[in-house]
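Below is one structure, written out as structure tokens; the observations come after it.
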Ligand SMILES: NC(=O)c1ccc[n+]([C@@H]2O[C@H](COP(=O)([O-])OP(=O)(O)OC[C@H]3O[C@@H](n4cnc5c(N)ncnc54)[C@H](OP(=O)(O)O)[C@@H]3O)[C@@H](O)[C@H]2O)c1
């Protein structure tokens, strides 16, 4: 069964993705905003979180290190662990990500890969103690991949944590149940020029509706908006 999915994001007032580019607040608290984002991440009590390939590449900067002999690799999935307290999931269709260790901040890494990924890449991930799921369809079927995560790892509550590329894919596919949006008291002003906002570039009109559930003022002028997401 598909996990319950909560998209949790931090944005400037104009939809900027990068806190390091935000304008500072009068009390100089910009550095605290990411900490509040993490605190709410914990409060949302997901048993896994998922990010796009670009965002995971910022957390795992290892280079390629395929084993000399791939040997026999497992398809369509390999689970190095099934007992982790939390899972760090990355969507990496063409196998560009590499890992120096099998966890991100203690959360066990699971990579969702496209069908054409090479055996040598799967062997590298397995040797690193990383888990993976390979798509069984030419294009990644997100719903099917999430079903595997639910069935095999017991993931029932998943936090979707960006960036815009993966967020847009999940919203367009009708997979998101809730949105938790932290608005920082800041402007970015470069986001619009780059055409990149928090929820992709393809447009979501007609694909989803939002209903406001709560609005809470947090420390340092941040606001948390929570919405239920329903089909368009
Ligand atoms: N403010 C926040 O709360 C927040 C949170 C997270 C990230 N960020 C920022 O967001 C930025 C990255 O955003 P981004 O939009 O460029 O990248 P992203 O969403 O992290 O990754 C996009 C990539 O994920 C893969 N992907 C996404 N949807 C897919 C699908 N349906 N099927 C197959 N592959 C799919 C593609 O990889 P391939 O190109 O390899 O095919 C795509 O290029 C980072 O700079 C990060 O710091 C901000």
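Taken together, the values in this text are just the output of simple stated rules run on the coordinates, not laboratory data. From a predicted model like this one, the values you see are computed outputs, not experimental measurements. In this analysis, Cβ positions are derived from the backbone assuming ideal geometry, glycine residues included, and neighbour counts consider all displayed protein chains.
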When the chain is treated as a Gaussian network with springs between alpha carbons less than 10 Å apart, the largest mean-square fluctuation among 24, 116, 32 is found at 32
Between the Cα axis of helix 30-43 and the main Cα principal axis of the chain, the angle (0 to 90°, nearest 10) is 60 degrees
Ranked by GNM mean-square fluctuation in the chain (Cα springs under 10 Å), the top entry among 22, 87, 132 is 22
Per-residue Cβ contact counts at 10 Å, fewest first, order 45, 178, 152 as 45, 152, 178
Here the relative contact order (percent) of the chain, from C-alpha pairs under 8 Å and at least 6 apart, is 30 percent
So residue 62 and residue 219, fully extended at 0.36 nm per residue minus their Cα-Cα distance, gain in nm 53.0 nm
Everything considered on the Cα gyration tensor (a ≥ b ≥ c; rounded for a/c under 1.5, else prolate if a/b is larger than b/c, else oblate), region 54-155 must be described as rounded
Summing -39500 (n - 2.57) over every DSSP H run of at least 4 in the chain, dividing by its residue total and rounding to the nearest 500, the 222 nm mean residue ellipticity is -6500 deg cm²/dmol
FRET efficiency for residue 157 and residue 34 from the Cβ-Cβ distance with R0 = 22 Å, rounded to 0.05, comes out at 0.50
Computed over region 54-155, the relative contact order (Cα-Cα under 8 Å, seq sep at least six) in percent reads 31 percent
Rounded to the nearest 10 degrees, the helix 142-153 long axis (Cα) sits at an angle to the longest Cα principal axis of the chain of 70 degrees
In nanometres, the difference between 0.36 nm per residue of separation and the alpha-carbon distance of residue 210 and residue 14 is 68.7 nm
Reduced to Cα centres, the span from region 20-63 to region 72-123 in Å works out to 21 Å
Most exposed to least, judged by fewest other Cβ atoms within 10 Å, 8, 98, 18 sort to 18, 98, 8
FRET efficiency (residue 45, residue 228; Cβ distance; R0 22 Å; to 0.05) is 0.80
